[in-house]
Amino acid sequence: MKYKKILPILASSLLIFSSCDDNLMEWEKDPTHGEVTGAELPLALVEKISRYEPLKNYADFGIGNGIGMSLYMTDATYRKIVNENFDEVTPGYEMKHAAMVNVKGEINFTNVDAFIAETKKAGLRVFGHTLVWHSNQNANYLNSIIAPTVIPGSSGTNILDNAGLKNGTFTNWARNNPGKGITVIDNAGLASNTKAIQLMSSASSSAAYNLQLTSPNVPIVTGHNYEISFYVKSDVAGKGRISFNASLNNSYPYKDWYNTGASQTEAFATTSQWQQVKIKLAPGDFKAASTSFQFNLDLGYLPNVTYLIDVNTFAVVDLDAAGAVINMVANGKFNTDISGWSKFNGADNALSLAAAANAYEGNGAMKVVNATSDAANQWKTQIHADFSSMLVLNKEYTVSYMIRSEATGSVRCSTTGTTAHYQGDQATSTTWKLVEWKFTGNGTETGLNFDLGGTAGTYYIDNVLVTDGSAGGGGATPPVTIEKTDVEKAKIINDAMTDWISKMMTHYKTSVFSWDVVNEPMKEDGTMRSGNEGDTATDYFSWVKYLGKDYAVTAFKLARQYGNATDKLFINDYNLESSLAKCDGLIDYVKYIEGKGATVDGIGTQMHISLTTDKAKIVQMFQKLAASGKLIKISELDIRLGTNAPTVAQQASQAEMYQYVIDMYKKYIPVPQQYGITIWGVSDNSKEHEFWLPDESPNLWDANYVRKHAYKGTADGLAGKDVSLGFSGELVKP
């Protein structure tokens, strides 16, 4: 459209205005005739844009906006624009797994509930975004539940005669009640190449002693404590106990089994997962004249169960044996308290006792919360314990401890004294890790520090041991790490997906009626993501890697099962307009999902595009999507300009591209398939672009929340005409 002799006086840009009075344009005189009146001249573009109605008034389908939830709740200007112009809002981040699920897998609905209540007041619908994606997941939680199981080793040197088990002869062992068989088999232990005792209960087995293996005599020293430990699993749910010969005061003691933590329980439970059973015998458990004892593995409670017990780690330990390890820090196991440990540096809540659920073993652990990340100053969160005595010059010392964190973290140890020692930084994760540090004493060391200020997070520390090697060395044997099988991981992740989707759909069943169920499943070449693309982002987790191609089938079935029958369920992806192969691949995947019995209502095309995006491909994309027969949604439309300070010409081109996209959507997507268009973001304000397209200007309002030329292009596209042609030429003072 041409304008003749329009010379509005503006401070910096044709498109910027502020107060109502500023909207009154000042005009130069045309020397060819007298005074120029407003009625004789075309309206200035900025004046035209200011007179447009809200966007939603021009559309025959839903107009949505991708918003920042916190901005909507706290910024009145931002909220007013959203409420006036749109029918539907899509929270950009806050409804995703990472935002709502904590490290324990619990969902916090509080913030989204408050947001939905606010949007309901404004008459806005909320579009759920997004249930299953590879990004913005609480990857720490999801990785933790499929992480290897780390089980403590025995507490010292094994005095149990295992030779007859290792060679399969059962020398000195007695198979008193063999059930369907007690044998030693190869390659069935904790490690792939280790042996296991296989014990099979009979079909009629009903009493513990119906399947019984009896140990050799174990010598005892009066006044000493002993520990029996072994690893066990079963093909189906099982049950067992340890019983004793006449050397004990009670042959069937009720003990606190390590694997359950339940006191006063005769039996322990077994599952298909390896787990450790520990029982401790105190001096008072033995009869006064006893010099040895025997114990029985009684596994006959239940019929038709096959048990495996790892041979290499079947142990009896004399906990008070001569030369046993002497710990140079008090209270390294934290079973009842954290006495002996204090906070040198850190927040008030930095140090506390963790309950048994967060312990490596036993009834407690040391919990340390570090609120800040300062990789160069790890001492800023520092926990300290004194050594029981001054260290000796030139003697080697070993510090060992178990540690895990609720997210990826970092720890180091250091010593206090005239000259300090510093351990190198050690990476931590959600899996328990044994860390050992050796240093040579200088004779001035007074205590041990845990320095955790490098990476913010919550840490759990257990089994801290400082030894000098003079009493027989060592400390606890290393833990056993058990990797989960692919089948086990698939079940765990499937259960996690079920928990997440079922709870989200159930909770929002009366308030959210359309969802992005699966987001960005395809690669650029039109094939599916495999989960092996190598993304190292901390919030990256690939559901497809563990659940396979049917992960989306499961997701859609769950969303339908727990939501409403009339909910609109979408699959969503980007670059469909630049990679037609990807568009084809997504449509084919929808057919696959539906072929497996799920229903996909719609396809979302994000359309994060620029001025150079191929318009012909945009048309072809819409034609392909229309042919799918599904509802089609432009789900995240924005148009980049490559600068946060666009020229008037760039803004005009941006307006033309917005209008072109909308024109093509309306032209090629049949009306019954037009779900609507969502503009991704409100304005070019830097608050909206901290994480998405920084230093850009992709939106319909500028950085000061003033309508841009793009607003007019969008409205004209929605209306199917140049709306401003119907405006009066008179300037009316507000």
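Some points to look at:
- Lys367 vs. criteria part of a strand (DSSP E or B), modelled with pLDDT of 90 or more, charged (D, E, K, R) and in contact with a Leu (Cβ under 6 Å, 6 or more places away or on another chain): no
- Unmet criterion (only one of (1) outside any loop (DSSP other than H, G, I, E, B); (2) surrounded by fewer than 22 Cβ atoms within 10 Å (Cβ to Cβ)) for Gly223: (1)
- Strands (runs of 3 or more DSSP E) contained entirely in the stretch 409-513, each with at least 2 residues that are of a type in the set (Lys, Arg) and buried (at least 19 other Cβ atoms within 10 Å of the Cβ): none
- Flag if Ala147 is surrounded by 15 or more Cβ atoms within 10 Å (Cβ to Cβ), in contact (Cβ under 8 Å) with a residue 12 or more places away in the chain and either within 30 Å of Pro283 (Cβ to Cβ) or among the aliphatic types (A, V, I, L, M) (or both): yes
- Subset of the stretch 540-585 that is surrounded by fewer than 18 Cβ atoms within 10 Å (Cβ to Cβ) and of a type in the set (Asp, Glu) - its residue that is nearest to the chain's Cα centre (by Cα): Asp550
- Condition check for Phe61: more than 27 Å from the chain's Cα centre (by Cα) and either under 30 Å from Ile220 (Cβ atoms) or surrounded by 22 or more Cβ atoms within 10 Å (Cβ to Cβ) (or both): no
- Failed condition for Met200, given (1) at pLDDT below 95; (2) of a type in the set (A, V, I, L, M, F, W, C); (3) touching a Lys or Arg at 6+ places or on another chain (Cβ under 7 Å): (1)
- Residue within the stretch 583-602 that is assigned to a strand (DSSP E or B) and touching a residue at least 40 places away in the same chain (Cβ under 8 Å) present: yes
- The set of residues in the stretch 174-200 being more than 22 Å from Asn245 (Cα to Cα) and in a loop (DSSP other than H, G, I, E, B) consists of Lys180, Asp186, Asn187, Ala188, Gly189, Leu190, Ala191, Ser192, Asn193, Thr194, Lys195.
- Any hit, the stretch 678-692, residues being outside the structural domain of Asp87 (by TED's automatic domain parsing), under 25 Å from Trp515 (Cα atoms) and surrounded by fewer than 18 Cβ atoms within 10 Å (Cβ to Cβ): yes
- Positions within the stretch 253-272 being at pLDDT below 85 and of a type outside the set (D, E, K, R), in sequence order: Pro253, Tyr254, Trp257, Tyr258, Asn259, Thr260, Gly261, Ala262, Ser263, Gln264, Thr265
- Scanning the stretch 314-332 for residues that are under 34 Å from the mean Cα position of the chain (by Cα) and crowded, with 20+ Cβ neighbours inside 10 Å turns up just one, Gly332.
- Some residue of the stretch 681-696 being β-branched (Val, Ile, Thr) and closer than 28 Å to Leu569 by Cβ: yes
- Test: residue in the stretch 203-210 that is hydrophobic (A, V, I, L, M, F, W, C), modelled with pLDDT of 95 or more, more than 13 Å from Ser292 (Cα to Cα) and surrounded by fewer than 17 Cβ atoms within 10 Å (Cβ to Cβ): yes
- Residue match in the stretch 157-171 (condition: of a type in the set (D, E, K, R) and free of Cβ contacts under 8 Å to residues at least 24 places away in the same chain): no
- Count - residues of the stretch 673-721 that are hydroxyl-bearing (Ser, Thr, Tyr) and assigned to a loop (DSSP other than H, G, I, E, B): 2
- Filter pass, Asp386 being more than 35 Å from the chain's Cα centre (by Cα) and either free of Cβ contacts under 8 Å to residues at least 60 places away in the same chain or surrounded by fewer than 22 Cβ atoms within 10 Å (Cβ to Cβ) (or both): yes
- Any hit, the stretch 103-122, residues being in a helix (DSSP H, G or I), modelled with pLDDT of 95 or more, touching a His at 6+ places or on another chain (Cβ under 9 Å) and surrounded by fewer than 20 Cβ atoms within 10 Å (Cβ to Cβ): yes
- Put simply, of Lys633, Lys624, Lys712, Lys666 the only residue that is among the basic types (Lys, Arg), outside the structural domain of Phe513 (by TED's automatic domain parsing) and modelled with pLDDT of 95 or more is Lys712.
- Scanning the stretch 612-641 for residues that are touching a strand residue (DSSP E or B) at 6+ places or on another chain (Cβ under 7 Å) and in a loop (DSSP other than H, G, I, E, B) yields Ser628, Lys630.
- Qualifying residue in the stretch 73-91 (condition: without any contact (Cβ under 8 Å) to a residue 12 or more places away in the chain, surrounded by fewer than 21 Cβ atoms within 10 Å (Cβ to Cβ) and over 24 Å from Ser511 (Cβ atoms)): no
- If only residues of the stretch 603-622 that are farther than 17 Å from Ile571 by Cβ and small (Gly, Ala, Ser) are counted, the one that is nearest to the chain's Cα centre (by Cα) is Ser610.
- When residues of the stretch 277-311 are limited to those that are over 43 Å from the mean Cα position of the chain (by Cα) and outside any loop (DSSP other than H, G, I, E, B), the one farthest from Glu396 (Cα to Cα): Asn296
The values are calculated or read from the model by the stated rules, or taken from the named source; none is laboratory data. Keep in mind it's a predicted model, so treat the numbers as computed, not measured. Positions of Cβ are backbone-derived with ideal geometry, glycine not excepted, and every protein chain shown enters the neighbour counts.
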